[in-house]
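What follows is a set of notes on a single structure, which appears directly below.
The values are calculated or read from the model by the stated rules, or taken from the named source; none is laboratory data. Quick caveat: nothing in here was measured; it's all calculated off a predicted structure. Neighbour counts run over all protein chains shown; Cβ positions are idealised from the backbone, glycine included. These accessible areas exclude ligands, DNA and RNA; they are computed on the full protein's heavy atoms, side chains included. Shrake-Rupley method; radii C 1.70, N 1.55, O 1.52, S 1.80 Å.
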Amino acid sequence: MRFPAEARRDVHVRYTRPSCMGGFAWFTIDFEPMQDGGLGFEFVNPLGPADIDPECAQAVSEGILLWLIGAARDEIIFDRPPLPTAEELKAGVPVRSDVGPGSIALRAVLRHSRLHEVDSIPWAHVRAGWRAADKALLGAEAADDPMDHAPQHHAR
């Protein structure tokens with residue numbers, strides 16, 4: 001069994017943390033089953049550095065993968081579990097137990113992102129990637145995150 005069975009499109013996440021440490025991530029992403037019918041995880045970022053820093057895009061990918069393997073929200077920054085390798089994912093890595101049986105077969109495509117010159121930092125994007133997967137793949141149970149309604153930063 002492959003996970004997910006169907007696509008979830010236009011998943012919008014905004015993460016802001018107003019403090020001295022800052023933190024800003026704002027993007028839209030699509031989640032879809034792997035196109036070739038195989039297992040694994042593919043993260044596609046067609047955007048340029050004016051939209052999202054490459055380190056932040058990598059952090060979104062890591063956040064999604066952390067969600068898929070079952071990392072809890074409080075484990076995604078510190079004490080995070082090791083991420084599976086591409087080879088392990090292609091051989092079949094079970095998806096987190098609370099979404100049912102199956103192996104990871106996910107393609108995530110970044111569609112839009114906004115950049116904040118100071119506060120767009122990788123750890124914020126790890127959290128936002130985890131949240132995007134939670135919203136898209138857990139469904140209604142994960143809906144209405146207060147961070148999606150946080151005050152907007154000035155972003156370009």
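Across segment 44-52, coupling constants 3J(HN,Hα) worked out from phi with the 6.51/-1.76/1.60 Karplus curve, θ = phi - 60°, read 10, 10, x, 7, x, x, 6, 9, 7 Hz, and Gly and Pro carry x. In the chain, the sites counted are GluC sites (Glu not before Pro) in DSSP loop states with at most 11 other Cβ atoms within 10 Å, and the longest stretch holding none of them, exclusive of the sites, is 7-116.
Taking the C-alpha atoms only, the angle from helix 54-68 to the longest principal axis of the chain is near 50 degrees. The heavy atoms of residue 93 offer some 20 square angstrom of accessible surface to a 1.4 angstrom probe. From its DSSP helices (H runs of at least four residues, each -39,500 (n - 2.57)), the chain gives a residue-normalised ellipticity at 222 nm of -6500 deg cm²/dmol. Solvent-accessible area assigned to carbon and sulfur over segment 16-88 amounts to 53 percent, based on a 1.4 Å probe.
Residues whose amide H comes within less than 5 Å of that of residue 8, counting only those at least five positions distant or on another chain, are 31, 32 (H built at 1.01 Å from N in the peptide plane). Excluding ligands, DNA and RNA, the accessible surface per residue across the chain is 51 Å² with a 1.4 Å probe. Build a GNM of the chain with springs between Cα atoms under 10 Å apart, and of 115, 83, 39 the one that fluctuates most is 83.
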